[in-house]
Every structure is written in structure tokens, then in C-alpha cells.
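The values are calculated or read from the model by the stated rules, or taken from the named source; none is laboratory data. In this text the structure is predicted, and so the values were computed from the model without any measurement. All Cβ positions, glycine included, derive from the backbone under ideal geometry; neighbour counts span all protein chains shown. These accessible areas exclude ligands, DNA and RNA; they are computed on the full protein's heavy atoms, side chains included. Shrake-Rupley method; radii C 1.70, N 1.55, O 1.52, S 1.80 Å.
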Amino acid sequence: MDQQRFLEQLAIVLDPKKGDVKTATSVLQNEYYKSPQSLLFLIQLIISHDSSELKQLASTQARPLVSKHWTKLSQDQRQHARSQLFSATLSEPSHLVRHSSSRLISSIAKIDLDDGEWPELPGMLQQAATSASAAERAVGVYVLYSILETMGDGFSSKFGELFALFSKTIKDPESLEVRVNTMLAISKMALVVDAEEDEASIKAFQNIFPSMVAVLKDTIDSGKEDQAMLSFEVFNTLLTAEYQLMSQHFQDLVRFMNDLATNTNMSDETRTQAISFLMQCVLYRRLRVQGAKMGESLTKSMLQIVTEIDDATADDDDITPARSALGMIDTMAQALPASQVVVPLLDALPQYSKSSDPKHRQAGILALGMAVEGAPDFFSTQLHTVMPILYALLEDSEVTVRQAALQTTARLADDLPEDVTKQHEKLMPLLLQNLTAAMSAYKGEEEGPTVDIMKSATSAIDAVVDGMDAQDAAQYLGKLAPLLQRLFKHPDFKIKALAAGALGSLASTVEGPFLPYLNDSMHAMQEYITKKESEEELDLRASCTDAMGEMAVAVGAAQFKDYVQPLMRTSEEALHLDHSRLKESTYILWGSLAKVYEEDFAPFLGGVVQGLYACLDQEEADLEVALGDSAKDLLGKEVTIAGQKVKVAAADSDDEAEDGDIEDIDIDGEDDSDWGDLATVTPIAQEKEIAIEVIGDVVSNTKTAYLPYFEKTIEKLLPLVEHSYENVRKATISTLHRAYAALYEVTEESGQVEKWKPGLPLQVQPTQELKKFGELLMAATLNVWPEEDDPATVSEVSRALSENLKLTGPSLLSYPECLSRIVQTVTELITKKHACQIDMDAVDEEDMESTEMEWLVVDSAMDVISGLAAALGPSFGELWKIFEKQVLRYASGGESLGRASACGVLAEIITGMGDAVTPYTSQMMNVLLKRLGDEAAQTKSNAAYAVGRLVEKSNDDATVLKAYPQILQKLETILHITEARCTDNAAGCVSRLILKHKDKVPVSQVLPALVDSGILPLKEDYQENEPVWTMIVQLYRQQDPTVQQLTPKLAPMMMSVLGEPEDQLTDEVREQLQALVEHLKSMH
């Protein structure tokens, strides 16, 4: 072996100025690393070379070669190499080389100890760990740590001796490094301790735990951030180990970390690490935090920390305690129940909002905004207290407070669009006031409070307009459109992008009335739709692309036709500019245009499909830095590899590696790193998620025109149901279900199959294509859904399946074992025993309050029950026996979300079963009558709908008629509740009662009350127009005197409901009502 040439190649890898790195890497891999002698040479370099950089590189390169070549060396060579390497490591002055060399020793030890060789190693390590030299003690313990990391469970028989040793080294009086290395070693033992079989180790760990906390304190006091970071990492690791290890100390540890976080005398790094640990507690030990009711005190602490927010970095990405605290509030709001997070924030809001300190006013409203996403349903019941405070802060004298209020407005509007936009008359003038004042005050500065307000106000207007009804938004169109067009001329590209976004939202909300502003808006944006010189320009181009897509949907095919060809040309060019956000916007644009042009989009489909396939076909290779495990010692440090400076960061680090191509010098693709969690979601994976969703849009809207590409598309999609990124899995299952529904609709409309009929065996056979695709679809669904551990993905699969059962009937249930597996998965989900619901903590959750995300999982699973009822019809009764107990339990439970959800699903089950619900009438009626008097408006509303359906469908007249007086009495109250569609559902229920047993309802009292209440015509739930107007038509047919007297009041309501929007009535009811109107005209 030419050792000099070998050394030259390694030198080039370290310093690219000495030669070509790729060539050097190739020479190393193909000429040297295939020989066992290369391993000996690398070990010799570690032992004897002067350069610590070269020794470091030699260690990392040697480690993956051990598994290939170590046993091929002679006994004498191995013995000599072991001995020399161990001695050299003990005396090595460089911290990094000591660590990487220790890891190399652990790799050799793993093979040797398994083969019964190197029997003297444990004694050598014991001797080193108790040496008189602090440096030798540090190495001895670090090698033990490396071995435990590599083969921890293989050492379990030695845990007693190791705990005895570590109980001494963790209190090393001289060396902090020894104490930290001991902590690292103990954390690796913790990960493999079996709590049930090794009580002695649990006890030993519990005894040593206070000393571990002491070491953390020491690292903080020493000011050595790298040591402190490793110590915090140990405690983060322990959160994933057996809970019994920390059970005695968990609450004290949380309090200690909370004290660190709130202590302003500590460094920002220490405080953010403490907050990061608390965040991990909430994620990994959620039920322990919740059960000990720690959420409230943590929320109050985080709110206090938010008051430190620095105005100067309000828009920066710097990680500060205040920003970390906002992130913690967001995490807690999603993971813990509202009572422990949102309620304390709401309780504190009045005091904070009235504080004389603007930082407190800013913190109170910012923190509230961070919590909205985690508990939107709860927030919707509290807006009456939140909105007056928000209005006041939108007019605050301090610009930072107004900006915080604008940001929270945007968050509220995003997550509660329906509720927030009802307040538009008070809210929109305040938003416009902030925007116009900032535009007037602008003096050309590049940054500062005026620019910040323009950005935040535009974002808030965008969010609010996006959630408004068309009629409400139209009244602001004349003022808002010109204002946003003017704002688009601002020199700041970010402001231009936000203005484009708001214009797009305005257009998509008001639709047709936007037409007068279309030309000017498109003309203003056209200049930027071809820009490609800088990142800023490409970001703006993406925002303009999004806005143009929304405008196309708003004004319709005919009005947008002149813009389509040039827009499609620039969109295809955009895919080659290597800008993820622009690619995603391009895909979304295609989805929008497919929605506008439907089958007329066919001329563009070839290019569109090709572009989407190209996205799905992209290779996803994570950038790997081949430093192996030694990189753990480099966390937070900059290293130079192939001439590139790279900052090494762990998965939960706040720093990102600098961009740059890093030469991968890994050996034979062997991943010798144990820190797999460094992998992140790649931009390509996120592009794929959007592309898959857009395929769903294109297939659903172009229908027949898409058939030539259909089979190939399914082939491309199916493998992605097993993608490592949960959002790709989620999008894929959703799009496959949409594709099946689209194919079914095309097949039905073309007359190839009749309209489906409920029940199994199938009464209407699908085509061969549908059968084949359905089988693939259900195989994919049942491959993911029962085992998936991401709650959002599980919810989406449930939703997609439920929707498809309602649209396409029972054909998806006809495959072998399909129905039984669906029933099993739904049962697991509604009893909270599914993989995505099983917490790490073995805690009884029966008495625990649920979060809204947890309810979403259960709620979407109950939607599948209603889908099964729709698809199976009368035969669903047998399955109802399986689900009945749990659904009725939720309907009578202590949580309002559960009661509302269960009442909603009962209504749909009753509708699906039809008169087959008769045997279950008594039990359902008893539960629903109680819920008509529920404290929560949503539950009352859903119960009213369910009761109406039960009266309509059931043939158990005795039970139904007995309940009439009680139903009518309770509906009287519900008719006056304006939230949660109560009035509409109560009106529908009353109408169904009259239709079924008119003689049991005092029509002469009930009908005038209904007509005079202002409820008609219904404003929100158009589905309930069907029973309401069917009932009124029937009363006219019966020549009922009460309805005849009310004709002058009913006539304008009839004209209103027959007008726009057309979806107010079904075709059948529209026909009946039109005939009634003609009859009444002829009579008068």
C-alpha cells in the first residue's frame, strides 16, 4: 500500500486547496478502503501523527471500516492496534480526537467482546475511570459511554458495577468533563433499562439522579455552553426512557427547568435550552404534565417571559427566551386541555391588556394568538371577551402593541374564520385604519415600525377577508381593492407579496364583483410573474402566481381566458428555477385553473401531468456529513469539510447548516451515525405533498379529460402511501380517495353503472376498472390507517374514507375482510386504543380532559361510522350494536366536544339507516332529549338535528309521540340561540315534527313564532331548508288556515329562497315551491 499517496488523499479531503476532493474521495473508497491494511494505517495515524485535524479525520474514517476489516487482521496486529490505540487515546490532548478515538475503540470492542476477545478491556476502563489523572478518567468514562451507546443492552449484566462506578465519577471533584461524560454514559444505560425486570437499576438510577441535576447546574455555572448543551441533551434523552427512572423527581425537575427559564440572570442559551426541555416534557410526558396540573403554572411563566420580547428583533429568526416561550405556549395549547393553557391566558389577558407597560400589553395579546390553533372550538366560545380587548389594542398608542394585535387578528381569522368575520363591521375599519395610517406615515425607510404595521395589517386583512361571506366582503371591495393595488407599488418585495395575497383572497371571496379590478390587478402583477434574478423576486413571483390562481377562480373561465396561455407558459418555466415555494405555487395555480376550466383544461393536461410526475419522481437524498458519531461532540460548532464551513446542529437545534455542497465521504453508503434524528423534512418532500394534493384537484375537476392519464397517476401515487413524511402519506391517501370518487362519478354519469344502492352484497356492480382501483385503494388505506401514529394523518384517512362511502356507496366495503378491518380500526379509534392515541406514559386517561386534536381523531373516526351507515343503509343495524355503547357514552359524557360529536354522528346514522332505526328509537331518544338541554350550543344544535331525523325516520310512534311535548318545549329555547346554527337546526326539527304528526303540534302557535322570529329564510344551514319549505308547501296543500294568513309575510321569503345562491334549495323542493308561488300568484 502506497502510504504516502494515502496520506495525500486524506490531506486533500481536509484541505481542497491541495487537490480535487471528489477524486481524492474516489481514490480512498476504491483503492484503499477495500484493503484491511487501510484500517491499520488509519489507526497508526491516530496513534502517531502530529496533526489533530488529520487524527480526527482518520478516526471517523476508520470507524466504519472496523465492521468490514477488523477480523481479517492477524491476532498480533489486532492486539498491537488495540493496546496502542487505547494508550494514545488516554494521552491525547485534543478533546475532539479523544472523543472520536473513543468511539473507534467502542466499535472494536463491540466485535471483540462478542467474540470473547479483549477480556482485559473492562479492567482497563475501570482503571482509567478511577485514575489519578483527570484526563485519563475523562477518557475512561467516555469510552464506557461510547460502548454503552453501541451495545448498551449487551452490558446489562454489568449495570450494577457500572452504577457503583458512576456514582463516584459523577461527583468527580476535579473534572467537569468527567462528570458530564458520566451523565452521557448513564443516559445510555437509561434507554435500555427494563423497569419490570431490573428494579435494582431503577433504584440505582433514582439515587444517582440528584447528582445528575447537580452536574447540569455545574455546567451552567461554569459558563461552558458546549458542556451545558450536552447536559441538557441528556435530560431530553431521559424523557424517552422508562418513566420510573424519573418518576420520583419529574415534577421537581420540571419546576427546576421552569425556574431556569424564568431567571433573567441566566444566559439566553441556558434559558432557551430549559424552555426546549419543558417543550419536550409536554410532547413526550404530556399526560404526566397534565395529570399533575402543571400546565397552568408553566403557561403563566411563559407569559411572563414573553414580556421580554425585543422590538428590534420582532421580525428576526433569532432564538430568544421570549420567542421560545411563544413556541412553548403554542405547543402546550395543542398538547394540553384548554383549562390548563387557554383559560389561564384568558384570565391574565384583561390585566395584561390594561398594563401601563406596553411590553405586557404586547405579550398578552401575542401569547393569546399563539394558543388559538390548539383550541379553536374553545376560543369560539370565548370571543365575546376577547374581541373587545383586541379592538382596544388595535388602537393602542404603541406601535408594537398594535402590531401584536394585528398578528393575533390574523391567527384568530385563520383558525376561526366564521366566528371572527361576523365581527367585520367593527374589525375591518380598525384594520384599514392601521394600514392607511402606516401608508400615510411611510417616508421611504427600508425597515421600522411603519413598515412592520403595513405588513401585519395586510396579513390581517388577508386572513379576515378570506373568511368572510361574499356579501359582507363586497361592501369593502371599493375601498380595499384600490388600496391593495396602491400598496402593491411599494418598493418592499415582502409588502408587494402580502398585497398580492390579500388581493387574491379578496377576489376569491367576492368572486364576480371583483371583475372591474381584474385587469389592473393582473397588469400590476404581470411584471413580477417572470422575475427570477433573486430569492426575493422568486418569492414575490410565487405570491403573484397564488393570487392570479385565486382571481381565475373568482371571475370564471370566460373573463380569465386571455391570461391563461401566457400564465401557463411562465408556470412551466417556473419549475426549472429550483425554487420550492415557486414550484408549489405553480402546482396550486394548475389546480385552480383546472377548477375553473374543468374538462376544457384538457389542452394543458399533458404538460401539467408531466410537471406533476416530475415532482413525484424526484430523488430525496438527505445531505449527509460523514463525521459519524464524533459529530455529537461538534454540536453547535463550525467544522470545515471539503472547504465548506458547516455548523453542526441536532434535530432540535435552532441553527441550520449553511448551504453548500458537502462531499459525502461515507464508506460504501454505510451509515455509521447513531443520531438518525438529524434528518429533517426535505423541501422536495414538501413539494411532493403539494403536487399530490393538486393531482387530487386536477383529477376531481377535469374528470373525463383526465382518463388517459388515470392509470399511470395511480401507479405513481401508490408507493407514496409509505413515504417517511406523514404529510405525503396523508396527501396520497386523500388524493387516491378523491380519484376513486371522480372515476365513480364519471362512470355513473356516462351510464356505465346505475346509481349505487345501500347494503351488502352489492346490488349495483361497479365496472372492472372501479373494482381493480377500489381493491388497490382499500389495500393502501388499510395498510396505513390501522398502524399510522400521526394523529392528523389518521384523521384525514378517516375523513377521506367516510366521504367516499357517502359518495360511492358500499362498493369499497365489498373486498374480503375489508369491512371487518374498518370496524376494528374505528373501534380502536373511538375507544382511544389506536397507535396514534397510545401515549408513552401508561396513564389511565379515563378521567383526563381531552385536547381538541385528540377529539378530532375520535370525531373523524365517528364520521366513518356515519359513512358506513350511509353505505349500508338498513343493514347497518348489526354494526350499530358494536358502536352503540361507545357513541352513546360520548353523547352523555363530561366533555362538550364529545357530546356534540356524538349527537352529530347519531343524526347521520339515523339518516343512513332509515326506518331500520325503529328498534333503537327509545334509547336514542332518551339521550337526545337530555342533549337538547345541554349547556353547549353546538351540542344543542346537533341534538335538534338528530331528534328531527329520528322523528322523521322511526316507526316507533309511541316513543316519538310521547316525546313531542318535551321536544317542543326545548326547541323554543334553541330557536333563539344565534350561534352554532341552532336556529336553523331547530327550525328543521320543528318542520319534521309537523310533517310527521301535524296533529300533535300546535301549528297556530308554532308557525307564526317561526315566521316572525326572523329565522326564515335560513342563513347558514341550507340543508334544513328542505324540511322547512316541504312543510310549508304541505300546509298550503292541506289548506291550513294559519299558513294562509301568513302568506303576506311568507311571500318575500319564498322569493328570496328561490333566488341566489342557488344551493339554498334542492331541485325537488325548488320545483314544489316554484309551483306554490305560481299558484299563489294566480289566487291573488
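Assorted remarks:
- Any hit, the range 363-371, residues being within 24 Å of the chain's Cα centre (by Cα), over 23 Å from T385 (Cβ atoms) and open to solvent by less than 50 Å² (accessible area, probe 1.4 Å): no
- Taking first residues from the range 89-115 that are under 14 Å from I47 (Cβ atoms) and partners that are among the basic types (K, R), the Cβ contacts under 7 Å between residues at least 6 apart in sequence or on separate chains come to T89/R98; E92/R98; V97/K55; L104/R63; I108/R82.
- Only residues that are open to solvent by 70 Å² or more (accessible area, probe 1.4 Å) and either under 23 Å from D318 (Cα atoms) or under 29 Å from the mean Cα position of the chain (by Cα) (or both) were counted in the range 212-226, giving 2.
- Considering each residue of the range 422-438 in turn, none proves to be touching a Gly at 6+ places or on another chain (Cβ under 9 Å), open to solvent by less than 10 Å² (accessible area, probe 1.4 Å), part of a helix (DSSP H, G or I) and of a type in the set (A, V, I, L, M).
- Among the residues making up the range 173-203, those that are more than 14 Å from Q227 (Cβ to Cβ), assigned to a helix (DSSP H, G or I) and open to solvent by less than 30 Å² (accessible area, probe 1.4 Å) are A185, I186, S187, M189, A190, S201, I202.
- D472 being modelled with pLDDT under 95, within 29 Å of the chain's Cα centre (by Cα) and not in a loop (DSSP other than H, G, I, E, B): no
- The residues of the range 227-280 that are open to solvent by 50 Å² or more (accessible area, probe 1.4 Å) and part of a helix (DSSP H, G or I), listed by number, are E233, Q244, Q251, D252, R255, D259, T262, D268, E269.
- Residue in the range 746-767 that is among the acidic types (D, E), open to solvent by 10 Å² or more (accessible area, probe 1.4 Å), within 30 Å of M853 (Cα to Cα) and assigned to a loop (DSSP other than H, G, I, E, B) present: no
- Residue list for the range 281-303, restricted to those being assigned to a helix (DSSP H, G or I), among the hydrophobic types (A, V, I, L, M, F, W, C) and either buried (at least 16 other Cβ atoms within 10 Å of the Cβ) or modelled with pLDDT of 95 or more (or both): C281, V282, L287, V289, L298, M302, L303
- Sub-7 Å Cβ pairs linking a first residue in the range 502-526 that is open to solvent by less than 10 Å² (accessible area, probe 1.4 Å) to a second residue that is of a type in the set (V, I, T), at least 6 apart or interchain, are A502/T458; A502/I461; A502/V465; S505/V465; L506/V465; F514/V555; L518/V555, ordered by first then second residue.
For every residue, the table says whether it meets (1) under 16 Å from I208 (Cα atoms); (2) modelled with pLDDT under 90.
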position	(1), (2)
S146	no, yes
E149	no, yes
G152	no, yes
S157	no, yes
K168	yes, no
D172	yes, no
S175	no, no
V180	yes, no
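- The listed residue being part of a helix (DSSP H, G or I), open to solvent by less than 10 Å² (accessible area, probe 1.4 Å) and under 20 Å from C989 (Cβ atoms), out of I865, I910: I910
- On the stretch given as the range 785-802, residues that are open to solvent by 10 Å² or more (accessible area, probe 1.4 Å) and hydrophobic (A, V, I, L, M, F, W, C) total 1.
- V699 surrounded by 19 or more Cβ atoms within 10 Å (Cβ to Cβ) and either at pLDDT below 95 or over 20 Å from the mean Cα position of the chain (by Cα) (or both): yes
- Matching residues in the range 570-590 - criterion: being at pLDDT 90 or above and charged (D, E, K, R): R581, K583, E584
- Every condition in (1) of a type outside the set (G, A, S); (2) under 30 Å from S380 (Cβ atoms); (3) open to solvent by 60 Å² or more (accessible area, probe 1.4 Å); (4) more than 40 Å from the chain's Cα centre (by Cα) is met by D999 except one, and the failing one is (2).
- Residue match in the range 122-140 (condition: basic (K, R), part of a helix (DSSP H, G or I) and at pLDDT 90 or above): yes
- Residue in the range 889-905 that is more than 20 Å from P1027 (Cβ to Cβ) and over 31 Å from the mean Cα position of the chain (by Cα) present: no
- Just one of the listed residues (I319, I329) is in a helix (DSSP H, G or I) and either under 23 Å from the mean Cα position of the chain (by Cα) or without any contact (Cβ under 8 Å) to a residue 60 or more places away in the chain (or both), and it is I329.
- Qualifying residue in the range 5-25 (condition: part of a helix (DSSP H, G or I), open to solvent by 30 Å² or more (accessible area, probe 1.4 Å) and closer than 25 Å to R137 by Cβ): no
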